[in-house]
Amino acid sequence: MEKQILQSFVLLHIVLGVIVGFISRWWMLRGDIRQYPTLPNGYLINLTTGFIAASIGAVAYPALLAKNYVAVTFLTVAIQQFRDIRKMEKETLESLETENYAPRGKSYIDGIAKTFEARNYIVMISSFVTTISAFIVRSFIKNNFLIIPISLLIGFIVLFFLKNYTKGHTLRDILTITEAPLEFKDGSNLYVGNMYVMNVGLSATQTRILKNGIGIIMKPIGENEKVMLNHSGQRKAIVHECSRLLGVERYIETRRNFDNGNLALVIVPMIKDITRLKEIIYDIPILEMTKKTNDKKKRDD
Amino acid sequence: MINMKESSTRSILAIVTIDEKLIIHSGVPTFLAKDKDTQEKISSELGRTLSGNIYKLANGTIIITQE
């Protein structure tokens with residue numbers, strides 16, 4: 001009967017794992033601002049699922065030690081749950097697409113949903129490693145004052161590594177942005193620099209665009225980067241983020257130059273701030289879909 | 001104006017012109033304006049009513065298309 005009671009040191013090791021996992025979810029929560037329409041609810045959902053993921057990760061090793069192999073199968077159940085959460089997140093974002101002035105696009109939504117799922121795995125792995133390292137340290141040193149800091153440190157190192165590994169790149173890594181003047185040629189054709197963007201029929205609208213609009217040209221730094229920037233999903237992500245963070249008074253449109261791969265963007269925003277617009281674009285993540293295209297191109301070369 | 005729709009083709013909802021010679025009888029409603037100002041005013045009103053996009057062609061004809 002005594003063997004059935006959880007020993008205090010096992011409980012301590014599980015708690016250590018849960019703490020690291022929960023803190024890691026909290027730490028990664030900052031990146032979720034762009035993904036949720038309602039922050040308080042988003043925080044609660046993430047922290048709750050993070051706590052569950054941390055608990056599952058933390059109890060996995062003690063369950064194995066106790067030869068409770070059935071308990072380990074809960075990991076597969078958890079993975080299924082996280083996949084369902086990803087699917088749910090995807091469906092939610094897709095259902096909100098029609099509400100957006102500029103939709104996110106399927107590639108961006110897929111990326112967000114994947115990130116959402118991956119963070120739960122990061123939580124699970126870091127709490128699992130914390131607990132396992134606590135057990136390993138205990139086999140050498142019996143002192144809790146050493147076990148706790150060492151296992152916490154290992155857990156946070158793993159967390160830091162995984163967070164950086166899954167971080168990905170932003171557009172800052174693949175392009176440069178230059179401001180370009182807006183001009184109407186042939187009466188109603190709008191140009192950003194020397195790039196045609198769109199036709200605007202009414203002169204009143206043309207005046208508004210010239211007064212309040214911003215034109216920029218994004219120049220990819222290399223051949224592979226041209227392919228990335230040409231991806232329709234990536235362009236939708238740019239348009240979406242710009243319109244979401246600056247607001248759109250009237251138009252937002254992109255157009256690619258076929259000769260050099262440059263991308264022109266014109267926007268008539270609610271907040272006319274060119275510096276902020278540049279920062280927004282630089283911080284947009286490179287979608288995984290476009291990376292795949294890029295990798296394939298490398299292989300073909 | 002955002003080119004984000006699944007389909008890239010958009011139908012012409014109406015045409016507004018000031019040149020009577022350009023009017024060819026077709027399925028698209030065509031409005032004849034007496035001068036450029038009236039043409040723009042009609043186009044603006046039609047654009048708002050039909051929730052369409054307004055484009056101006058090189059020959060001065062304004063077309064209103066689906067958004």
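Rule-based calculations on the coordinates, nothing more; no lab input. Note that the structure is predicted; figures quoted are calculated from it, not measured. Please note: Cβ atoms are built from the backbone with ideal geometry, for glycine as well, and neighbour counts cover all protein chains shown.
Of all the stretches in chain A, which is the longest one without any exposed loop site, taking chymotrypsin sites (Phe, Trp or Tyr not before Pro) in a DSSP loop (any state but H, G, I, E, B) with at most 14 other Cβ atoms within 10 Å? Could the numbers behind the result be given before it?
On the way: sites that count: A:Tyr101, A:Phe258.
By the stated rule (loop sites, at most 14 other Cβ atoms within 10 Å), A:102-257.
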Task: Label-point separation, A:Leu39 to A:Ser232 (7 Å along Cα→Cβ), nm - done: 3.5 nm
Task: Sites B:Leu32 and A:Thr73, calculated FRET efficiency, Cβ-Cβ separation with R0 51 Å, nearest 0.05 - done: 0.10
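Dipole of segment A:1-167, Cα-centred, from +1 at each Lys and Arg C-beta and -1 at each Asp and Glu C-beta, to the nearest 20 debye?
Numbers: 17 positive and 10 negative charges, 93 e Å.
Using only the charged Cβ atoms, the result is roughly 440 debye.
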TODO: Work out the FRET efficiency for A:Ile141 and A:Val15 from their Cβ-Cβ distance, taking R0 = 25 Å, and round it to the nearest 0.05.
DONE: 0.85
TODO: Over the whole of A:201-210, what's the average partner chain Cβ count within 10 Å per residue? Rounded to a whole number, please.
DONE: 4
TODO: Rounding to the nearest 20 debye, state how big the charge dipole of the protein assembly as shown is about its Cα centre with +1 on each Lys and Arg Cβ and -1 on each Asp and Glu Cβ.
DONE: 900 debye
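Give the calculated FRET efficiency between B:Asp19 and A:Thr275 to the nearest 0.05, with a Förster radius of 56 Å applied to their Cβ-Cβ distance.
Details: r = 46 Å, r/R0 = 0.82.
Approximately 0.75, to the nearest 0.05.
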- [ ] Sticking with the crude label model, points 7 Å out along Cα→Cβ, report the distance from B:Glu45 to B:Ile12 in nm, one decimal please.
- [x] 2.2 nm
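Within 10 Å of each Cβ in A:100-107, how many Cβ atoms from other chains are there, averaged over the peptide?
Values: counts 2, 2, 2, 3, 1, 1, 0, 0.
Mean shielding by partner chains, rounded to a whole number: 1.
Sort B:Thr49, B:Thr65, A:Thr205 so that the residue with the fewest other Cβ atoms within 10 Å of its own Cβ comes first and the one with the most comes last. Don't jump to the answer; show the numbers that get you there.
Values: B:Thr49 11, B:Thr65 17, A:Thr205 20.
Going from sparsest to densest Cβ surroundings: B:Thr49, B:Thr65, A:Thr205.
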Open item on the list: Would chain A count as rounded, prolate or oblate if I go by the C-alpha gyration tensor, calling it rounded below 1.5 in a/c and otherwise prolate when a/b exceeds b/c, oblate otherwise?
Closed with: prolate
Open item on the list: How many angstrom lie between the Cα centre of segment B:21-67 and the Cα centre of segment A:108-141?
Closed with: 61 Å
Open item on the list: I'd like the mean, over residues of B:42-54, of how many other protein chain beta carbons sit within 10 Å of each residue's own Cβ.
Closed with: 2
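To the nearest 20 Debye, how big is the dipole of segment A:172-283 about its Cα centre, given +1 on the beta carbon of each Lys and Arg and -1 on that of each Asp and Glu? List each step's numbers first, then the result.
On the way: 15 positive and 13 negative charges, 52 e Å.
My answer is approximately 260 debye.
Let me make sure I get this right: for chain B, a, b and c are the square roots of the gyration tensor eigenvalues over alpha carbons, sorted descending. Under 1.5 in a/c it's rounded, otherwise prolate if a/b > b/c, else oblate. Which is it? Walk me through the intermediate numbers first.
Values: a/c = 2.09, a/b = 1.62, b/c = 1.29.
Verdict is prolate for chain B.
Can you bin segment A:7-135 into rounded, prolate or oblate? Criterion: square roots of the alpha carbon gyration tensor eigenvalues sorted a ≥ b ≥ c, rounded for a/c under 1.5, prolate for a/b above b/c, oblate for the rest.
prolate
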- [ ] Calculate for the protein assembly as shown the 222 nm mean residue ellipticity that helices alone would give, adding -39,500 (n - 2.57) per DSSP H run of length 4 or more and normalising by residue count, nearest 500 deg cm²/dmol.
- [x] -18500 deg cm²/dmol
